[in-house]
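To start, the structure under review is shown below, and the notes come after it.
Values in this text are rule-based calculations from the coordinates and carry no lab data. The model shown is predicted, which means the values in this text are computed figures rather than measured ones. When we count neighbours, we look across all protein chains shown, and the Cβ atoms used for this are built from the backbone with ideal geometry, even at glycine.
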Amino acid sequence: MIIAPPTVDQATGHVADMYAGDHTVDGFVYAHTQAMAVNPEAHEAFEALVRAVVPSIGFRNYELVTLAAARGIRSAHCLLAHGRRTLRAEVMGEDQLADLAEDYRAAGLSEAEVAMMAYAEKLSTDAASMTDEDSRSLRDHGFSDRQIVDITLAAAARNFFSRALQALAVPVDEVPGLSPRLRTALLSPTEHAAP
């Protein structure tokens, strides 16, 4: 990463809050946080978008969509960070999360959750091929129009954030609190060739 983010000593306002959040939880500031601190207004806008979509779909579904989108674009940053976030929030246990990372279709999720993750993954790998049938799959699994839009926005937002980190060549930090099996499972999509 060639950009020079604000140092901890230079951090004020939202940047100081971003840095403090990482430091409080993990004792250091992640490289991806530092990269986004170069434009704190954009980071605030991203956070506002996330806050706007979570109420209709719920935190669990937001995290599942995020993991599926990150899987689709092979984002090590977001797979690790949101894998750990999912685990810490007790959305699911470590074994199920590792199973989900390896193959979400065989991880004991509901049919609606699998459909939602497949939709988010497809958005992240081949959005141009999506049709009303993709949205209809979500509707057929009980999602409202608002939820379909918010699932789409959540996956698209993850694409924005993850692709920005990838394009800036932001280093991937070691994420504490992940077992070797879980870390390997979360990173498995990043080891495959691009679709």
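See the values below:
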read-out	value
Rg and Dmax [Cα atoms of region 1-105; Å; Rg one decimal, Dmax integer]	15.0, 46
Phi to ³J(HN,Hα) by Karplus 6.51 cos²θ - 1.76 cosθ + 1.60 over region 28-45, Hz, x for Gly, Pro	7, 9, 5, 4, 5, 5, 4, 4, 6, 5, 5, 10, x, 5, 5, 5, 4, 5
Whole-number Å³ per residue for the convex hull built on Cα positions in region 93-195	126 Å³
Net charge contributed by nearby residues that have their C-beta within less than 14 Å of SER129 (K/R +1, D/E -1)	-4
Area projected by the alpha carbon convex hull of the chain, averaged over all directions, nm²	11.0 nm²
